[in-house]
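Remarks on the structure that follows.
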Amino acid sequence: MTQPLTIRHADDGKFEGQGLRAFFEYRGLGIAEATAGGFGAHVIRAVPGEESPGGWHSHALNFQMVYVTKGWVIFEYEGHGEVVMRAGSSVLQPPGIVHREVRHSDDMELIEITAPAEFETRAEDAPA
């Protein structure tokens, strides 16, 4: 399959509240369409005043990378504890790692890249 040249500009995109988490808004970057679902990439931003319920979960995927562009977010990972991510921080989350989003700033914005674009998210028990 030949991938098309795909360009997205911030002023062309629209954030939507129909993503994985209700306390975030998502703006697709056209990667899922260009790769027939092999990869996904989107900008995620916080919905001001909305808090994370902090539910433990895991994802059935092959690759997940997050890069924070604005504000801060605290993730907690099984076996690693809480990690404060701020503008310029990145994390490569191993497939299936049990984690949760603890809290974030109202101005938080990040880029997430996944493979594949669509994947299952499973609720998990809190680590012992």
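The values are calculated or read from the model by the stated rules, or taken from the named source; none is laboratory data. These figures come from a predicted structure and were not determined experimentally. Counting neighbours? That spans all protein chains shown, and the Cβs are built from the backbone with ideal geometry, glycine included.
Here are the numbers for the structure shown:
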item: Among residues of region 70-101, those that are under 17 Å from residue 56 (Cβ atoms), over 13 Å from the mean Cα position of the chain (by Cα) and not in a strand (DSSP E or B), counted; result: 8
item: Total residues in region 71-128, condition closer than 26 Å to residue 31 by Cα and of a type in the set (Ser, Thr, Tyr); result: 4
item: Residue within region 53-75 that is touching a Gly at 6+ places or on another chain (Cβ under 8 Å), modelled with pLDDT under 95 and of a type outside the set (Phe, Trp, Tyr) present; result: no
item: Within region 8-30, tally of residues that are modelled with pLDDT of 85 or more and farther than 24 Å from residue 73 by Cα; result: 1
item: Within region 85-126, considering residues that are loosely packed, with under 12 Cβ neighbours inside 10 Å and hydrophobic (A, V, I, L, M, F, W, C), the one nearest to residue 36 (Cα to Cα); result: 92
